[in-house]
Amino acid sequence: MRKRIYLPLFIMGFLFGFAFLFNSQTTTIFAQEPTNTETVSTDVVDSPSQDDTNASSNEETTSTEPTNTEDQNWQYSKSKTATDLDENKESEVTISLPSTEEKLTTEVAFVLDESSFSDTQDRAMNLLDTLKQHADQTGAKVQVDVIGFKRAAYDHGSFDLTTQYDLLKEAFKKQNSGGSNIHAGLLLAQQILAKNTAIPDDRKYMILVSDGDTYLYCKDGDYKTPYSRSYIPLDSAGGTAYGGYYDESWYYPSAPYGNNVKRPDTADPILWDAYLKDVAARNQESNGDAYEYVWNYYDKLWMVTKPTSKEFKTQPAVPRSASNMDMAFMYAANVYKDLANKYHCYSVAVQSLNQSDGGHKAFMDYLNGGKTADFDSIQNEILYYLSKGSIVEDYMGYEDGNYDFDLVDPSAIRVVIDNTGTLTTYNAERIKDNHYGFKKNEDGTYDYEVIYVPGNKKDDEHFIWLLNTPVTNFEHVMLKYGVKLIQGQTKPGTYTAYTNTKATLYPVNSEGVKGEAEDFERPMVTYTVKEAVKEPEKTSDQNTSKQTDIQTKNSSMKETTVCQASASTGYENHEMLWFITLGLSVLLAMMSIFQSHKTREFK
């Protein structure tokens, strides 16, 4: 009986002692882990005092997208960006003309009058030759659309200026015969320019080339079907085309009669606007749309066979009516204005070969804003983004009591030109104190200059970037420089700061005309100030205890004390209890063996 009691007691004692030993070791492991108290100080805080030399520091910085850009609609594409602040509190700022996000792809749509009375090919090809040279040099992509029109419009294709130049030249030679319908050509241009959504609208150009003679128009956007109207009686046309160029020889309502507004013979936009408004009113008053018809003069050989009454109806010759030419001008002007509100549009008047009475240069110049357009000026506008003489003025970021950025080193400023991925860097060359040049020419001048004005190193610290050469639409011209955050917030928290107070472009366009000043977007950086904490100080007394005290102190914080488990009150006490338990277990085991041996002897 005693044997049965001693053995289980021995087993229970041994397990109990082992459990205490494991628990004591576990307590020691956790006691040695430091308390995870996250307190950090930003690097924009003043230098720590002698008592805080062990305080840890950490800074997190990120760049955010420029703010307040959604409401802007700038004429000139441009951008200003900044990188994250690094460990030295520095950021690299990039000014780009045009914007770095803008793809250097251009689309030029030619709308060509294919009439034998309009000379279009040579002058247009000269423009393309120049654009091709620059595209070849820079690697920029230029898409050229060729649209011809006679009585309807014809899509002759879209071509890459660099790789499909021969095909493009052939497209310019294509001819169609019969009629003149500027409205049809503009309708087709509207559809083609809307196709390639990868090209920004502000990099799309439409060039209408014509003598201005137009007497046909379209309905419902159908550029393939010409319409007209006629004052000529069905049986009296003779050799005159029904609804053709000379239809007004039968009746000319814009002479004027009564209150009718005369068709202008100058390019004055005010006069043309008044005339076209009156045309719309006259058409409505006379119910003119009821007399329009599909113009089949050439297709059905009306010059030989008279049209039937179902195909043609004579318009009454009344003063408050609108002729076929009146309507052709009105429809063409309306679509041209729609195009000009979205793209860069030009109307080039060429001399009509009908020397006697052909040509409406006044209308063509009216479409162009009341002035004459030529291929040289159009070429410059397509080619050049900015002309020489343009200036950028940039003030370093500063807000009193909040933050202050300084220019890192004016001599480290550089100009980088990006030709569709090929980067060329020009380092600063000192001209004189705080005056630097970039990309030196043979005559000793520089394409770009920067004048640094340190001022008081606060709100008036800035530089002036002088552009002494044109900036083309086929490249990105960038100015890169560094700024350093020398003063910021010190209290714990997350803060934002603009790297510049203001940056402004003072543009000069391709015609040498100064434009209105335009501000750049302001890049912003974010930085975090965290609380500073002193590293835990560990002390031990091997003779008495291994207790560890962790104290955290900071003059700007409330004092916090974190206590960890002590090895002297954990491990050593449990170890002693284990030995006692183990000893009792061994004693019980020996007594059990002795009792068993004594029992066998007794038997």
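Would you call residue 213 of a type outside the set (Ser, Thr, Tyr), in a loop (DSSP other than H, G, I, E, B) and open to solvent by 40 Å² or more (accessible area, probe 1.4 Å)?
So residue 213 fails the test.
Which residues, counting only those in region 277-294, are crowded, with 20+ Cβ neighbours inside 10 Å and closer than 17 Å to residue 334 by Cα?
Within region 277-294, 278, 279, 282, 283 qualify.
State yes or no: is residue 152 among the aliphatic types (A, V, I, L, M), within 30 Å of residue 351 (Cα to Cα) and touching a residue at least 60 places away in the same chain (Cβ under 8 Å)?
The answer is yes for residue 152.
This table checks each residue for (1) free of Cβ contacts under 8 Å to residues at least 60 places away in the same chain; (2) within 28 Å of the chain's Cα centre (by Cα); (3) open to solvent by 50 Å² or more (accessible area, probe 1.4 Å).
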| residue | (1), (2), (3) |
| --- | --- |
| 374 | yes, no, yes |
| 377 | no, yes, no |
| 381 | no, yes, yes |
| 384 | no, yes, yes |
| 390 | no, yes, no |
| 396 | no, yes, no |
| 415 | no, yes, no |
| 418 | no, yes, no |
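Taking the residues in region 97-128 that are open to solvent by 40 Å² or more (accessible area, probe 1.4 Å) and under 26 Å from residue 361 (Cα atoms) as candidates, determine which candidate is modelled with the lowest pLDDT.
Going through the qualifying residues, I end up with 117.
So for region 474-490 (the condition being assigned to a loop (DSSP other than H, G, I, E, B), farther than 17 Å from residue 395 by Cα and touching a Lys or Arg at 6+ places or on another chain (Cβ under 7 Å)), does at least one residue qualify?
no
Working only within region 192-201, note down all residues that are touching a Phe, Trp or Tyr at 6+ places or on another chain (Cβ under 8 Å) and open to solvent by 10 Å² or more (accessible area, probe 1.4 Å).
201
Specify which of the listed residues (366, 446) is at negative phi, hydroxyl-bearing (Ser, Thr, Tyr) and not assigned by the TED database to the domain that holds residue 522.
Within the list 366, 446, the selection yields 366.
Please go through region 162-208 and pick out each residue that is over 22 Å from the mean Cα position of the chain (by Cα), among the β-branched types (Val, Ile, Thr) and either closer than 21 Å to residue 473 by Cβ or not assigned by the TED database to the domain that holds residue 336 (or both).
Within region 162-208, 162, 163, 192, 207 qualify.
Starting from residues that are assigned to a strand (DSSP E or B), closer than 24 Å to residue 102 by Cα and hydrophobic (A, V, I, L, M, F, W, C), keep the ones in region 129-185 and report whichever is most open to solvent (accessible area, probe 1.4 Å). Don't jump to the end; show me each part of the working.
Here is the first cut: in region 129-185, the ones assigned to a strand (DSSP E or B) are 141-149, 153-160.
Going one step further and asking which of them are closer than 24 Å to residue 102 by Cα, we end up with 141-145, 158-160.
From the residues that got through so far, the ones that are hydrophobic (A, V, I, L, M, F, W, C) too are 142, 144, 159.
Details: 142: 5, 144: 0, 159: 26 Å².
Going through the qualifying residues, I end up with 159.
Restricting attention to region 314-349, which residues are under 12 Å from residue 280 (Cα atoms) and surrounded by fewer than 18 Cβ atoms within 10 Å (Cβ to Cβ)?
Of everything in region 314-349, those that are under 12 Å from residue 280 (Cα atoms) and surrounded by fewer than 18 Cβ atoms within 10 Å (Cβ to Cβ) turn out to be 320, 334.
Within region 419-430, is even one residue touching a Gly at 6+ places or on another chain (Cβ under 6 Å) and assigned to a strand (DSSP E or B)? Don't jump to the end; show me each part of the working.
From region 419-430, those touching a Gly at 6+ places or on another chain (Cβ under 6 Å) are 419-420, 429; that's our starting set.
Now restrict to residues that are assigned to a strand (DSSP E or B): 419, 429.
Checking region 419-430: at least one residue is touching a Gly at 6+ places or on another chain (Cβ under 6 Å) and assigned to a strand (DSSP E or B).
Please work out which residue is modelled with the lowest pLDDT, limiting yourself to region 71-92 and to residues that are of a type in the set (D, E, K, R) and outside any strand (DSSP E or B).
The residue in question is 71.
Just to be sure, is residue 392 among the aliphatic types (A, V, I, L, M), assigned to a strand (DSSP E or B), out of contact with any Lys or Arg (no Cβ under 6 Å at 6 or more places or on another chain) and at pLDDT 95 or above?
For residue 392, the condition - among the aliphatic types (A, V, I, L, M), assigned to a strand (DSSP E or B), out of contact with any Lys or Arg (no Cβ under 6 Å at 6 or more places or on another chain) and at pLDDT 95 or above - is met.
The values are calculated or read from the model by the stated rules, or taken from the named source; none is laboratory data. The structure displayed is predicted, hence computed values, not measured ones. Methodologically, a virtual Cβ is constructed for each residue, glycine included, from the backbone with ideal geometry; neighbour enumeration extends over all protein chains shown. What goes into the accessible areas is simple: the full protein's heavy atoms, side chains included, and nothing from ligands, DNA or RNA. Shrake-Rupley method; radii C 1.70, N 1.55, O 1.52, S 1.80 Å.
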